[in-house]
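**Q** I have a structure I would like to understand better, so I am pasting it below and will then ask my questions one at a time.
The values are calculated or read from the model by the stated rules, or taken from the named source; none is laboratory data. Keep in mind the model is a prediction, meaning the values are calculated, not measured. Cβ coordinates were reconstructed from backbone atoms using ideal geometry, including for glycine residues, and neighbour counts include every protein chain displayed.
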Amino acid sequence: MSRPKSDYTPPTRQGVSPSTVALPSGPWATVLDFLSERIPAVSRADWAQRMSQGEVLDPQGHPVTPDAAYRPQTKLYYWRALPFEHPVPFEETVVFQDDFLVVADKPHFLSVTPKGRYLQETLLVRLKRKLGIDTLVPMHRIDRETAGLVAFTIQPHTRHAYQALFRDKTVRKTYEAIAPWRADLSLPMVRRSRLAESERFMAMHEVEGEPNAETAIELIDRRGHWGHYRLLPVTGQKHQLRAHLNALGIPILHDQIYPELQPALPPEVAPDFSQPLQLLARMLAFTDPITGEERTFESPCRLSLDIIDTLPD
């Protein structure tokens with residue numbers, strides 16, 4: 001039996017899922033008028049071309065033509081397009097896969113999901129293309145600059161149970177970092193503080209108030225003025241590990257945001273891939289909510305204090 005048209009799910013294209021836009025009540029005579037006004041980052045001519053090529057669909061999956069009348073209280077699907085993306089010259093590795101989960105080891109410089117100028121060069125899109133699984137959804141996120149483990153769900157009906165593990169703080173996460181060493185910093189320690197958006201673009205900082213971020217910090221090894229740290233976050237605030245180490249006066253090596261935001265390169269300039277942030281999502285462990293198994297996953301990547309030998313004197 002075929003499913004109702006209202007259950008239509010648009011396919012991915014080259015691993016990219018479509019964006020969805022709701023159509024509110026308004027004065028627009030045509031869909032093209034609406035898209036041109038509401039999403040002006042794409043020119044009217046480009047929208048018309050996309051529509052002529054069948055790249056804008058109605059809720060039933062039918063192509064919407066450039067002269068189609070505007071129908072409020074419905075929705076559209078369309079596929080994002082970027083003129084060019086600089087390839088990230090590092091490969092992800094699938095470290096585990098079964099019927100419910102995919103766990104991948106993400107390289108530095110690769111975003112987890114499409115955002116801003118990153119679309120094809122994202123972990124989610126790469127995995128969809130590689131594995132042929134359109135239903136992949138990340139259980140959590142790590143920063144584009146951070147390397148290491150990211151877990152994805154496969155089955156839509158189990159997604160909530162897996163994502164609840166992170167919401168309920170029952171996932172045991174282990175990170176490692178290379179950062180300066182301070183003789184006056186007593187380790188191991190637990191850093192608890194309240195993190196909030198700072199006035200500086202993208203950055204988080206500590207403020208007064210009830211703590212919302214907690215990280216245990218241990219020293220694994222030390223060489224001169226540099227340390228190799230193990231970080232055990234209990235919470236998952238934005239930039240938590242980077243902000244906590246920066247607040248302690250030991251910002252992570254090659255951090256482009258802490259302590260000072262480095263200027264962004266123009267889109268046409270290739271990124272510098274030679275100095276990755278020395279932060280690694282090393283291990284994930286949890287009790288599987290579907291199978292009841294104890295799951296422990298480990299990144300095959302390693303951080304090493306040998307990197308300080310490459311630093312300028």
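**Q** Does residue 88 qualify as being hydrophobic (A, V, I, L, M, F, W, C), under 30 Å from residue 142 (Cβ atoms) and in contact with a Phe, Trp or Tyr (Cβ under 7 Å, 6 or more places away or on another chain)?
**A** Numbers: hydrophobic (A, V, I, L, M, F, W, C): yes; under 30 Å from residue 142 (Cβ atoms): yes; in contact with a Phe, Trp or Tyr (Cβ under 7 Å, 6 or more places away or on another chain): yes.
Answer is yes for this residue.
**Q** What's the number of the condition residue 197 fails, among (1) surrounded by 14 or more Cβ atoms within 10 Å (Cβ to Cβ); (2) touching a strand residue (DSSP E or B) at 6+ places or on another chain (Cβ under 7 Å)?
**A** (1)
**Q** Across region 78-110, what is the number of residues that are part of a strand (DSSP E or B), over 30 Å from residue 23 (Cα atoms) and not polar (S, T, N, Q)?
**A** The initial filter retains those residues of region 78-110 that are part of a strand (DSSP E or B), namely 78, 93-97, 101-106.
From what's left, over 30 Å from residue 23 (Cα atoms): 93-97, 101-106.
Narrowing the set further to residues that are not polar (S, T, N, Q) leaves 94-96, 101-106.
Residues that pass the stated criteria total 9.
**Q** A further question on this structure: Kindly indicate whether residue 135 is without any contact (Cβ under 8 Å) to a residue 24 or more places away in the chain and of a type in the set (Val, Ile, Thr).
**A** yes
**Q** Test residue 152 against the stated conditions and say whether it is aromatic (Phe, Trp, Tyr), at pLDDT 95 or above and within 19 Å of residue 86 (Cβ to Cβ).
**A** Working: aromatic (Phe, Trp, Tyr): yes; at pLDDT 95 or above: yes; within 19 Å of residue 86 (Cβ to Cβ): no.
No: the conditions fail for residue 152.
**Q** Condition test on residue 56, is it modelled with pLDDT of 95 or more and either surrounded by 13 or more Cβ atoms within 10 Å (Cβ to Cβ) or not hydroxyl-bearing (Ser, Thr, Tyr) (or both)?
**A** Details: modelled with pLDDT of 95 or more: no; either surrounded by 13 or more Cβ atoms within 10 Å (Cβ to Cβ) or not hydroxyl-bearing (Ser, Thr, Tyr) (or both): yes.
For residue 56, the condition - modelled with pLDDT of 95 or more and either surrounded by 13 or more Cβ atoms within 10 Å (Cβ to Cβ) or not hydroxyl-bearing (Ser, Thr, Tyr) (or both) - is not met.
**Q** Looking at 261, 303, which one is modelled with pLDDT of 95 or more and part of a loop (DSSP other than H, G, I, E, B)?
**A** Just a single option satisfies the conditions, and that option is 303.
**Q** In the set 113, 174, which member is outside the structural domain of residue 16 (by TED's automatic domain parsing), of a type in the set (S, T, N, Q), closer than 18 Å to residue 239 by Cα and assigned to a loop (DSSP other than H, G, I, E, B)? Step through it out loud before you land on a result.
**A** On the way: 174 fails: assigned to a loop (DSSP other than H, G, I, E, B).
Result: 113 is the single residue among 113, 174 that is outside the structural domain of residue 16 (by TED's automatic domain parsing), of a type in the set (S, T, N, Q), closer than 18 Å to residue 239 by Cα and assigned to a loop (DSSP other than H, G, I, E, B).
**Q** Does region 94-104 contain any residue that is over 21 Å from residue 232 (Cα atoms), touching a helix residue (DSSP H, G or I) at 6+ places or on another chain (Cβ under 7 Å) and buried (at least 20 other Cβ atoms within 10 Å of the Cβ)?
**A** Yes: one or more hits.
**Q** Whether any residue in region 34-45 is outside any helix (DSSP H, G or I) and more than 25 Å from residue 268 (Cβ to Cβ) is what I want to check. First the steps, then the outcome.
**A** Here is the first cut: in region 34-45, the ones outside any helix (DSSP H, G or I) are 39-43.
The next check asks that each one be more than 25 Å from residue 268 (Cβ to Cβ); those that pass are none.
No: region 34-45 contains no residue that is outside any helix (DSSP H, G or I) and more than 25 Å from residue 268 (Cβ to Cβ).
**Q** Next question. Kindly evaluate residue 146 against the criterion of being at pLDDT below 95 and at negative phi.
**A** Working: at pLDDT below 95: no; at negative phi: yes.
Here the answer is no, as residue 146 does not meet what is asked.
**Q** Taking the residues in region 174-194 that are of a type in the set (Val, Ile, Thr) and surrounded by 15 or more Cβ atoms within 10 Å (Cβ to Cβ) as candidates, determine which candidate is nearest to residue 240 (Cα to Cα).
**A** Across region 174-194, the extreme among qualifying residues is 174.
**Q** Quick one: which of 32, 101 is in the same structural domain as residue 142 (by TED's automatic domain parsing) and farther than 30 Å from residue 255 by Cα? Reasoning before the result, please.
**A** Values: 32 fails: in the same structural domain as residue 142 (by TED's automatic domain parsing).
Criteria check complete, one pass: 101.
**Q** Further question: How many of the residues in region 198-210 are at pLDDT 95 or above and among the charged types (D, E, K, R)?
**A** Final tally of qualifying residues: 3.
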